[in-house]
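The values are calculated or read from the model by the stated rules, or taken from the named source; none is laboratory data. In this text the structure is predicted, and so the values were computed from the model without any measurement. Using ideal geometry, Cβ is built from the backbone for each residue, glycine included, and neighbour counts are taken over all protein chains shown.
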Amino acid sequence: MSLVTTLPGADGRTRPGRQSWLPSLLATLRLWRRRSRERAQLASFSLRELHDIGLSNADAMQEASKPFWRP
C-alpha cells in the first residue's frame, strides 16, 4: 500500500492526493529539529572548541541565535 494516493482531476487526469505532502512535511520537521539541536550545541561550545572548528564566539552566537526555520 502506498502513502501517495491519486485522485482524478477536473480534466480526468490523475493528480497526487492529500497524503503526498506528508513525506515533505516530515522531512521539514526533521530538518528543523536538527537545526535546533545543532544550534543549541554550538551555543554551548567553549572558546577552545570554537577555535578548533574555526569559528569565533561572535560567529557561533550569530548562528545559534537564528530561529530553527531559518537556514
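Of note:
- Of all residue pairs spaced 6 or more apart or on separate chains, none has beta-carbon atoms under 6 Å together with a first member in the stretch 22-37 that is surrounded by fewer than 11 Cβ atoms within 10 Å (Cβ to Cβ) and part of a helix (DSSP H, G or I) and a second member that is modelled with pLDDT under 95 and of a type outside the set (Phe, Trp, Tyr).
- The stretch 60-71, subset out of contact with any Phe, Trp or Tyr (no Cβ under 7 Å at 6 or more places or on another chain) and surrounded by fewer than 13 Cβ atoms within 10 Å (Cβ to Cβ), residue farthest from Trp32 (Cα to Cα): Gln62
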